[in-house]
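K.L.:
Structure in structure tokens, see below.
None of the figures in this text is laboratory data; all of them are computed from the coordinates on show. It should be emphasised that the depicted structure is a prediction, and the values quoted were computed from it without experimental measurement. Here the Cβ positions follow ideal geometry from the backbone for every residue, glycine too, while neighbour counts run over all protein chains shown.
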Amino acid sequence: MLKTGDRAPDFLLADKNGKKYSIKDFSGKKTVLYFYPRDNTPGCTRQACAFAGAYSEFQRRGVNVVGISKDSADSHRKFAEKYSLPFVILSDPDLEAIKAYGVWQEKKNYGKVSMGVVRTTFIIDENGIITHIMPKVKPDTNASEILELMK
């Protein structure tokens, strides 16, 4: 299990256009790396739209915002276009980063147990070190809580 002070695990994942990104592509700036279960679901849409609404403030503070889910690049492209999402969303269908960051966990929903992505946000410093881990975040307040934390 990752903890604050750990080096952020590397990955190589594609965005909505097939461009490959590694965690190293975001070094030199603080990065908000958030994992979410699925495109176009109510909670994930609210979370993404909250990050989109606060994106200019993240940019003003020199902070990258990156979302990751197991959805396909095509699904991400449609999701980003539908909601005008200005930040990078990466596709992780093989669960490379999802498992490396420890967010693939057992979930219970209406008594049914299954494996899935637990909504979690990591704040990574300019040198690739995890400074904050926010497990089981609330979609509506995640972006504003991070901005408050970074004051």
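K.L.:
Inside the range 20-121, counting only helices (runs of 4 or more DSSP H) that do not spill past its ends, which hold 1 or more residues that are within 19 Å of residue 133 (Cα to Cα)?
P.N.:
42-53, 55-60, 96-100
K.L.:
Taking the residues in the range 122-150 that are β-branched (Val, Ile, Thr) and assigned to a strand (DSSP E or B) as candidates, determine which candidate is surrounded by the most Cβ atoms within 10 Å (Cβ to Cβ).
P.N.:
Checked the range 122-150; the qualifying residue surrounded by the most Cβ atoms within 10 Å (Cβ to Cβ) is 124.
K.L.:
Take the range 44-66 and flag every residue that is surrounded by 15 or more Cβ atoms within 10 Å (Cβ to Cβ) and touching a Lys or Arg at 6+ places or on another chain (Cβ under 8 Å).
P.N.:
44, 47, 63, 64
K.L.:
Please name all residue pairs, on different chains or six or more residues apart, with Cβ atoms under 6 Å, provided the first residue is in the range 22-36 and is more than 18 Å from residue 71 (Cα to Cα) and in contact (Cβ under 8 Å) with a residue 60 or more places away in the chain and the second residue is aliphatic (A, V, I, L, M) and outside any strand (DSSP E or B).
P.N.:
23/8; 32/146
K.L.:
Can I ask one more? Taking the condition in contact with a Phe, Trp or Tyr (Cβ under 7 Å, 6 or more places away or on another chain), more than 18 Å from residue 30 (Cβ to Cβ), surrounded by 20 or more Cβ atoms within 10 Å (Cβ to Cβ) and among the small types (Gly, Ala, Ser), does residue 69 pass?
P.N.:
yes
K.L.:
For residue 84, state whether it is among the hydroxyl-bearing types (Ser, Thr, Tyr) and out of contact with any His (no Cβ under 9 Å at 6 or more places or on another chain). Before the answer, list the steps.
P.N.:
Numbers: among the hydroxyl-bearing types (Ser, Thr, Tyr): yes; out of contact with any His (no Cβ under 9 Å at 6 or more places or on another chain): yes.
When the stated conditions are applied, residue 84 passes them.
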